[in-house]
Amino acid sequence: MSVTFYSPAPIPSNEHARNLAVRSSGLLERAEEPALTALAKAAKKAVGGDWAGVAVIVDDLQIVIASSGGQLGRYERARSMSAHAIVATDRVFCVPDTLAEGLFRSNPFVRVGLIRFFVAAPIVDPDGHALGVLCVSSRNPRAPLSEAEASELKSLAAQVLDPPLKAR
């Protein structure tokens, strides 16, 4: 029997400043805000996933503050697929089939069948810090995002920080 371990995402080089930016952004106080829930639902629809959420990455945690349905809460950053998406702030992170991708095959959420397709657009503040992601997942693999889908997801992620957020 072989044992495989999930490799957590690398820590961004600007991690200290990024964590300070997360704390000062106000996102952590916006859990279950209707406008954020609406953005999650729009992302789920745009990508055709089973679930979508707004997740903030801070210190050793991933905190889901809004979702299209399902649990909110705190998760270990070490298990977070979203943490991989905050490393590159200029692109949408997409894993069409987590079982085919060696890096994610041993992720706990993949192993139990909750995530087979995963995509995330970074939520980037005006100073360029990735505070978290707007992500979508599915229990089934699918083709990579089209350019139009990626553009739509990036646009929705950019709206997370738009004040005031109004229900969409």
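The values are calculated or read from the model by the stated rules, or taken from the named source; none is laboratory data. If you're wondering where the values come from, they're calculated on a predicted model, not measured in any experiment. For neighbour counting, all protein chains shown are included, and Cβ atoms are generated from backbone atoms with ideal geometry for every residue, glycine included. Each accessible area value is taken on the protein alone, full model and side chains, heavy atoms only, with ligands, DNA and RNA left out. Shrake-Rupley method; radii C 1.70, N 1.55, O 1.52, S 1.80 Å.
Overview of values
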{"quantity": "Label-to-label distance, nm, for residues given as S155 and E76 (7 Å Cα→Cβ offset)", "calculated": "3.9 nm"}
{"quantity": "If the convex hull is drawn through the Cα atoms of segment 1-86, its volume per residue in Å³", "calculated": "121 Å³"}
{"quantity": "Gained length - N140 relative to L28, 0.36 nm times residue gap less alpha-carbon distance", "calculated": "37.3 nm"}
{"quantity": "Percent carbon-and-sulfur accessible area, the chain, ignoring ligands, DNA and RNA, probe 1.4 Å", "calculated": "53 percent"}
{"quantity": "Å² per residue, accessible surface of segment 20-144 at 1.4 Å", "calculated": "43 Å²"}
{"quantity": "Label-point separation in nm, R111 to D162, each point 7 Å along Cα→Cβ", "calculated": "4.1 nm"}
{"quantity": "Sites I11 and A148, calculated FRET efficiency, Cβ-Cβ separation with R0 25 Å, nearest 0.05", "calculated": "0.20"}
{"quantity": "Calculated over segment 17-168: convex hull of Cα atoms, volume per residue (Å³)", "calculated": "99 Å³"}
{"quantity": "Two-site label geometry, A88 and D59: point separation in nm, points 7 Å out along Cα→Cβ", "calculated": "3.0 nm"}
